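**Q** Before I ask anything, let me first share the structure, which is written out below as structure tokens.
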Amino acid sequence: MTRVMAVSFERYGRLYYLDPGEHEYSVGDRVLVPTESGPEVAECVWAPEWVEEEGLSDLPVCAGPAGPEHLERDATNRRRRAEAKLAAKKLIKRNQLPMKVVAVDFIDSGIDFDQLVVVYFTAPHRVDFRTLVSELARTLQARIDLRQVGSRDAARLVGGLGNCGRDLCCATFLKDFEPVSLRMAKVQDLPPNPLKISGACGRLMCCLKYEHPLYAEFARTAPAVGEQVAMDDGDGVVVGHQVPADSVVIRMSGNGTTRTCSLAAACGARQLFASRSTPAQVQKPVRRGRLRRRRSDDEES
């Protein structure tokens, strides 16, 4: 078992897991998190507790509680970040550059510099910002590093709410972006309209990847829509799937009513219909592509 705690640099921001060491922390305590540029102040959002998960043995150790001097430095850095963001926006507007500032990071300690301002921006194409760098350096009296990011990284830095009403996955817990395709939306019976299944970044929602294995497994085992099944009180036809409920919707051939049954019962009904039906009665759906090939072959012959 490993003792783990979670901290966040921003309220409702991304979580970072640490080894609490020998100290005891409570939710809301300000602690020091080791980073490449030195310890930074973060807030404890998950008190230390023992967990039995693998891969948590090499976590960074918390540097201890934050003192008054650390809190004062953190407040100063936050103020400098706000000033740098405002100055960058004004200079971009003055130089009429097609750029949009999404986040600013201020680092006041390093090996080869005293103060570094990192400006993250988005742009539709490559931008010549050499003049902007020199003007920002004179205005802020610090080294300037401009970094262009994509739409998904911009959404992660800015944050916000998704279509579900909750905080964006990329801004909270999602670490790596996995490829999402329109085929995943089709498997989940979602409208193949990118405008309706896109996230705040303008790309396909990352949550389409979460339930895709469940829908793919359900489609592999469940009776297809239009397939005939044999129930206890008569035959029926599958007219729909309810994947979250692990059930199938069946329309009865006798009275036309619809009913919902579990996937296990639907699979058993499919096997029962196949066992008592003759090969001539069983209608297998033929793909349109195959029919077109056969027709084209007949025409050529």
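The values are calculated or read from the model by the stated rules, or taken from the named source; none is laboratory data. Please read these numbers as outputs of a predicted model, since none were measured by experiment. Heads up, the Cβs are rebuilt from the backbone with ideal geometry, glycines too, and the neighbour counts pull from every protein chain shown. With ligands, DNA and RNA removed, areas are computed over all heavy atoms of the protein, side chains included. Shrake-Rupley method; radii C 1.70, N 1.55, O 1.52, S 1.80 Å.
**Q** How much accessible surface does residue 58 have with a 1.4 Å probe, in Å² rounded to 10?
**A** That residue has around 140 Å² of solvent-accessible surface.
**Q** Let me ask something else about it. Based on Cβ point charges of +1 for Lys and Arg and -1 for Asp and Glu, what charge dipole magnitude is obtained for the range 80-181 about its Cα centre, in debye rounded to the nearest 20?
**A** Values: 17 positive and 12 negative charges, 96 e Å.
That gives the range 80-181 a dipole magnitude of about 460 debye.
**Q** Non-local amide H neighbours of residue 102 (under 5 Å, H modeled in plane, Pro and chain starts lacking H): which ones?
**A** 120, 121, 122
**Q** Can you give the extra length, in nm with one decimal, that the chain gains between residue 161 and residue 198 once fully stretched, where that is 0.36 nm per residue apart less the Cα-Cα distance? Spell out each step's value before the answer.
**A** On the way: separation 37, 0.36 × 37 = 13.32 nm, distance 1.27 nm.
This chain segment gains 12.0 nm when fully extended.
**Q** Let me ask you something else. Across 5 Å bins from the origin, how do the percents of Cα pairs in the range 203-255 run, short distances first?
**A** 4, 19, 23, 18, 14, 10, 6, 4, 2, 0
**Q** I would also like to ask the following. Remind me, what semi-axes does the range 121-184 give for its equivalent ellipsoid, largest first in whole Å, using sqrt of 5 times each Cα gyration tensor eigenvalue? If you can, show how the numbers build up before the last one.
**A** Values: eigenvalues 203, 46, 18 Å².
Those come to 32, 15, 10 Å.
**Q** Report, in deg cm²/dmol and to the nearest 500, the calculated mean residue ellipticity at 222 nm for the chain, where each DSSP H run with n ≥ 4 adds -39500 (n - 2.57) and the sum is divided by the residue count. Write out the running numbers ahead of the final one.
**A** Working: 8 runs with 94 residues, N = 301.
The helix-only estimate for the chain comes to -9500 deg cm²/dmol at 222 nm.
**Q** Still on this model: Take the solvent-accessible surface of the protein heavy atoms, probe 1.4 Å, and return the percent of it on the chain that carbon and sulfur atoms account for. Kindly include the intermediate steps, with their values, before the conclusion.
**A** Working: 9920 of 19680 Å².
Roughly 50 percent, rounded to a whole number.
**Q** Using the heavy atoms of the protein chains alone and a 1.4 angstrom probe, what is the accessible area of the chain per residue in square angstrom? Don't skip to the end; give the middle numbers.
**A** Details: 19680 Å² over 301 residues.
Roughly 65 Å² per residue, with all protein chains present.
**Q** Moving on to the next point. Starting from the exponent 0.38 and prefactor 2.2 Å, build the expected Rg for the chain from its residue count and divide its actual Cα Rg by it.
**A** This ratio for the chain stands at 1.50.
**Q** Still on this structure, I have one more. Give me a comma-separated list of calculated 3J(HN,Hα) values for the range 215-227, in order, Karplus coefficients 6.51, -1.76, 1.60 applied at θ = phi - 60°, integers in Hz, x for any Gly or Pro.
**A** Calculated HN-Hα couplings, in order: 5, 5, 5, 5, 5, 6, 9, 7, x, 6, 5, x, 7 Hz.
**Q** When we measure straight from the Cα of residue 90, which aspartates and glutamates land under 16 angstrom away, once same-chain ones fewer than 8 places off are left out?
**A** Residue 90 reaches 135.
**Q** So what is log10(I(q)/I(0)) for the range 155-240 at q = 0.15, 0.25 1/Å, when the Debye sum runs over its Cα atoms only?
**A** Values, matching the q order: -0.66, -1.26.
**Q** OK, next. Compute the helix-to-body angle for 263-276: its Cα long axis versus the longest principal axis of the chain, expressed 0 to 90° and rounded to tens.
**A** Rounded to the nearest ten degrees, it is 30.
**Q** Quick check: Cα centre of the range 21-35 to Cα centre of the range 53-87, how many Å?
**A** 11 Å
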